[in-house]
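Colleague: The structure under discussion is supplied below as structure tokens; questions concerning it will follow.
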Amino acid sequence: MEDKRVQKEQSNKNGLLSTYFVSLFSMMLCFVMLLGTSFAWFYTNNANVGNEIHSGILTVDLLHNDVSLDEHPEHPVFSAKGLWTPDNSAQEETVEVRNTGNVVLDYELDFVPVPDNAAGSIAGLFTVYADGTEIGTLDQFLNDTGNALCLAKGEELEPGDTKKIKIKLQMNASHAQDFMGKSVPVYLKLEASQHIPADATE
């Protein structure tokens, strides 16, 4: 009888301890949940919405006597002063390369090659000068499909800036009689690309 009473008391103690640990664990769990909820009460964030990404605009124009050759491609640079004759054997014109975009650019000005035989031998009568420097004969330019020749090259032309280039065609008047009445098409070509600083590729 005494043994049963002792066992019962022991069982009651064990049950009480279990209840105590379960209660303690529940209180700790509630405390953790309450703590986490408290952190959530003080939550905030920030947003920045004033950002935009703009790409640059690369545009360039070629002007002659304040006329845009981009807007008026048929405007004559050479031939506007009449026929080429022995007493009218040279013509010098000034063109302007203008950066009309908003990025720094490099450019190259050249004559456009024409199809075979379109220039004819008359082009060999003309010597081409750019800013006072002899570059070659006109037929060399017009048959230069490998881009070995160019009238002018420039680098780092800033937006809004202009570069003037003087182009002179000088006819060899001593042979002009052999090509009387002939003509040759002459077109200017301007190419531009965005300037890339040397350190940008490192």
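Colleague: Please compute the length gained on full extension between Glu108 and Asp66, using 0.36 nm multiplied by the number of residues separating them and subtracting their Cα-Cα distance. Please report the intermediate quantities before stating the final value.
Modeller: Values: separation 42, 0.36 × 42 = 15.12 nm, distance 1.98 nm.
Contour length minus the Cα-Cα distance gives 13.1 nm.
Colleague: By counting other Cβ atoms within 10 Å of each Cβ, how are Glu158, Glu74 ranked from fewest to most? Mind showing how you got there, number by number?
Modeller: Values: Glu158 12, Glu74 5.
If I rank by nearby Cβ atoms, fewest first, I get Glu74, Glu158.
Colleague: Continuing with the same structure: Gain in length, Glu158 to Thr94, computed as 0.36 nm per residue apart minus the alpha-carbon separation, to one decimal in nm? Write out the running numbers ahead of the final one.
Modeller: Details: separation 64, 0.36 × 64 = 23.04 nm, distance 2.01 nm.
Gain in length upon complete extension: 21.0 nm.
Just so you know, all these numbers are worked out from the coordinates, no wet-lab data involved. Values in this document were obtained by computation on a predicted structure and should not be read as measured data. With ideal geometry, Cβ positions are generated from the backbone for all residues, glycine too; neighbour counts draw on all protein chains shown.
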